[in-house]
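The values are calculated or read from the model by the stated rules, or taken from the named source; none is laboratory data. Because the structure is predicted, anything quoted here is derived from the model rather than measured. Cβ atoms come from the backbone with ideal geometry, glycine included; neighbour counts cover every protein chain shown.
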Amino acid sequence: MQTKDINEQIKWAQINKDVLSSMENPRMAYWVAVAVCVAMIACAAAAVGYVYTTGQGVLDLYWPEMWGLFIATFIFWIGMSHSGTLLSAILHIVHADWRKPIYRFAEAMTTFSLMTAGLFPIIHLGRMWNLYWVLPYVSDRGIWPNFRSPLAWDCFAIFTYLTSSALFLFIGMIPDLAICRDNAKGWRKKLYTVLSLGWAGTDRQWRHFRKTYLLMACFLIPLAVSVHSIVSSDFAMSIMPGWHVTSFPPYFVAGALYSGCAAIITLFIILRYFFRFEEYMTIPILEKTCKLTFVIAMAWSYLNLIEFAATWYGHDAAAKEVLWDKFTGPFSPYFWAMLFFGSVLPFALAFEKLRRHLPTMFVVSLLLNVGMWLERWMIVSPTLSLSYHPFAWKVVWPSMVQWAVVFGSFGWFGLLFLVFVKVFPSVSMYEVKEMVYHRRRAHEEDQAKIFHRRTSDPQPAIDTPSA
Amino acid sequence: MSKHRIMGLFSDFEQAFAAIADIRANKIHGVSVDDVTLKSPIEHPEIEEVLGERPAHVPKFTLMGALFGLTFGFLFLASAQATFLVQPQGGKPVVPLPSNFVLTYELLILFGVAFTVISFFIGAGMGRKRDTLYSEMVSLDQVGVLLEVDESKAQALKDLFKEHKVVEIREEVAR
């Protein structure tokens, strides 16, 4: 049974070889996945084309259900983006070195989730060619965005998060791009030469790199929390029943981390198979990710219960009615499914035998994300269908056109991700080398004396690491 | 007297560390540890034990960026909101502080990150042409120690590298 996070005896040259060859020779399943993603995008493109040639009416986004699946899925993708950069930054700061083989693809996931999320408000606008109207610029119309609206805050927060996450991903990748540059040929060499910016691994570069990466990580943690808090403000700052809840910001952040962690498990298993990364994406690292997901799942479940309790004891009749309707009304099958996938199913992550079984974890992680997607839908639609006034009560089910766009968004995300992992190293070579180097040194006798002693043990003669 | 640029490639960090420690101990008279450039495939913060603390001004730029984001962000928003003077406000303040705090915070982070990245590019000398003595082995698994010394010291330096089991020595006359 594999018990170590990484094989400490692996040669550095082997790390380079394994990761670089993964970019050239993926399994056939990779190309099948690319074809599936392209087909899904074609589905969404056909749906959007149908909307723009026929008219917005075919979307069935009628009053009172004006937001529909688009906004629910927008929140889902924003949430999905959270774990990558946030967990990478937190684990970097606390020196959890098991993040090193998996953080690169998790950060890429963040960037592509945000790019996917951004599509929904644009499509939802209706006239997407007027998108630039939402930007704060001086115009002859004298119209500015309403800065008091959380929707305008969203725009700022997501732009900041996308920019910072993309920079964090790029900066962390520079030493690896230099490795690619030194080993690639043809168009790849040209691309990596430009992107590696002349990296030569000098002490001056590493010194600046270390400080830059740490400072960016420090910025990204509060930024990630603020982004999903602001997304929750789209709801919590309104007076709609079921939305005006104080616990919404932490609830959204926990949900975001939860879906992101589940997605990391899914992509971990996929990449491990596609690129034969058994040496790097190891079962012990998967186990740690599963445990983390379980913790977050329990926090999310608790915040769910708090929300129910606050609504129940708050005695706001309309909010109580929406809550009761979620349990018993037309949306109840989806609501109970959300609770099952979100709060019951994660107990599978508590069992070691299941955690170490890849097919089970693959299915569980997908279902966890189904639960998280349902959560977003259950936030948006039940409230809109059962507002304060009886004349506004109407259950509107999403049209096939909406479903097609949502379906296609998964293909869009998948394609971006698959292209990324084919062009750029999805395992951080230099950080895996660091991990191997430091773990190997920790097992050396004199190092072990220093780093692996209990306070009750006699003090060794040397107190600092030797050369 | 011409200057020579000499790079020794070592198979592991410990040997390179020991070679630099010898240079620091003045084993070759007139060759200073300040002239040493270490090239390595991974980060070795412990090299500062022999190289000494060398400056990296990234945090100062980060602070500047954050302060710029804070002030520029607030002023930018407030100046945009000032155009609301010609629009009906409905009794609400022209410059709403609660929402501006949120937006200013985002801009603080945006500019903090941007300045941090710019300072990294400048401070680390990114974008410059690579050294002619660059070896691809440095991005693989070897550690390079590069110095520029007088011609008279070149042989002594090479001998010192050999003492520490150098794998390869590259040399060129400095221009």
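The table for this structure:
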item: Residue match in the range A:63-85 (condition: within 14 Å of chain B (Cβ to nearest Cβ) and either outside any loop (DSSP other than H, G, I, E, B) or surrounded by fewer than 22 Cβ atoms within 10 Å (Cβ to Cβ) (or both)); result: yes
item: Residue check, A:ALA152 out of contact with any Leu (no Cβ under 7 Å at 6 or more places or on another chain), closer than 23 Å to A:HIS228 by Cβ, surrounded by fewer than 21 Cβ atoms within 10 Å (Cβ to Cβ) and within 11 Å of chain B (Cβ to nearest Cβ); result: yes
item: Of all residues making up the range A:182-211, the number that are closer than 17 Å to B:GLU48 by Cβ and not in a loop (DSSP other than H, G, I, E, B); result: 10
item: When residues of the range B:138-152 are limited to those that are in a helix (DSSP H, G or I) and either at the interface with chain A (Cβ under 9 Å from one of its Cβ atoms) or among the acidic types (Asp, Glu) (or both), the one surrounded by the fewest Cβ atoms within 10 Å (Cβ to Cβ); result: B:GLU151
item: Matching residues, the range B:146-165, being in contact with a Lys or Arg (Cβ under 8 Å, 6 or more places away or on another chain) and within 30 Å of A:LEU177 (Cβ to Cβ); result: B:LEU146, B:LEU147, B:GLU148
item: A:TRP243 away from chain B (no Cβ under 14 Å) and either of a type in the set (Val, Ile, Thr) or not in a helix (DSSP H, G or I) (or both); result: yes
item: Criterion violated by B:VAL33 - all others in (1) within 12 Å of chain A (Cβ to nearest Cβ); (2) crowded, with 17+ Cβ neighbours inside 10 Å; (3) out of contact with any Pro (no Cβ under 8 Å at 6 or more places or on another chain) satisfied; result: (2)
item: Qualifying residue in the range B:111-126 (condition: more than 26 Å from the chain's Cα centre (by Cα), of a type outside the set (A, V, I, L, M) and not assigned by TED's automatic domain parsing to the domain that holds B:VAL33); result: no
item: Sole residue being surrounded by 18 or more Cβ atoms within 10 Å (Cβ to Cβ), at pLDDT 90 or above, facing another protein chain (nearest Cβ under 9 Å) and under 23 Å from A:VAL227 (Cβ atoms), chosen from B:LEU110, B:LEU77; result: B:LEU110
item: Residue within the range B:40-63 that is on the phi < 0 side of the Ramachandran plot, surrounded by 17 or more Cβ atoms within 10 Å (Cβ to Cβ), in contact with a Phe, Trp or Tyr (Cβ under 8 Å, 6 or more places away or on another chain) and of a type in the set (Gly, Ala, Ser) present; result: yes
item: Count - residues of the range A:74-107 that are farther than 15 Å from A:TRP373 by Cα and either touching a residue at least 60 places away in the same chain (Cβ under 8 Å) or among the hydroxyl-bearing types (Ser, Thr, Tyr) (or both); result: 20
item: Search result, residues across the range A:178-191 that are more than 8 Å from chain B (Cβ to nearest Cβ) and surrounded by fewer than 21 Cβ atoms within 10 Å (Cβ to Cβ); result: A:ALA184, A:LYS185, A:GLY186, A:TRP187, A:ARG188, A:LYS189, A:LYS190, A:LEU191
item: Which listed residue, of A:ALA106, A:ALA200, A:ALA96, A:ALA152, is modelled with pLDDT of 90 or more and more than 24 Å from B:VAL143 (Cα to Cα); result: A:ALA106
item: Any chance B:ASP22 is charged (D, E, K, R) and more than 15 Å from A:ASP203 (Cβ to Cβ); result: yes
item: B:GLY65 being more than 10 Å from chain A (Cβ to nearest Cβ) and either within 30 Å of B:GLN155 (Cβ to Cβ) or touching a residue at least 24 places away in the same chain (Cβ under 8 Å) (or both); result: no
item: The range B:1-30, subset within 13 Å of chain A (Cβ to nearest Cβ) and more than 14 Å from B:HIS164 (Cα to Cα), residue surrounded by the most Cβ atoms within 10 Å (Cβ to Cβ); result: B:ARG24
item: Given (1) at pLDDT 85 or above; (2) facing another protein chain (nearest Cβ under 10 Å), index of the condition A:GLY142 fails; result: (1)
item: Which listed residue, of A:LEU349, A:LEU374, is under 21 Å from the mean Cα position of the chain (by Cα), buried (at least 21 other Cβ atoms within 10 Å of the Cβ) and within 25 Å of A:ASP325 (Cβ to Cβ); result: A:LEU374
item: Filter pass, A:LEU286 being over 23 Å from A:PHE74 (Cα atoms), crowded, with 18+ Cβ neighbours inside 10 Å and at pLDDT below 95; result: yes
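Yes or no, residue by residue, for (1) at the interface with another protein chain (Cβ under 7 Å from one of its Cβ atoms); (2) in contact (Cβ under 8 Å) with a residue 60 or more places away in the chain:
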site	(1), (2)
B:THR71	no, no
B:PRO93	no, no
B:LEU97	no, no
B:LYS129	yes, no
B:ALA154	no, yes
B:GLU163	no, yes
B:VAL173	no, yes
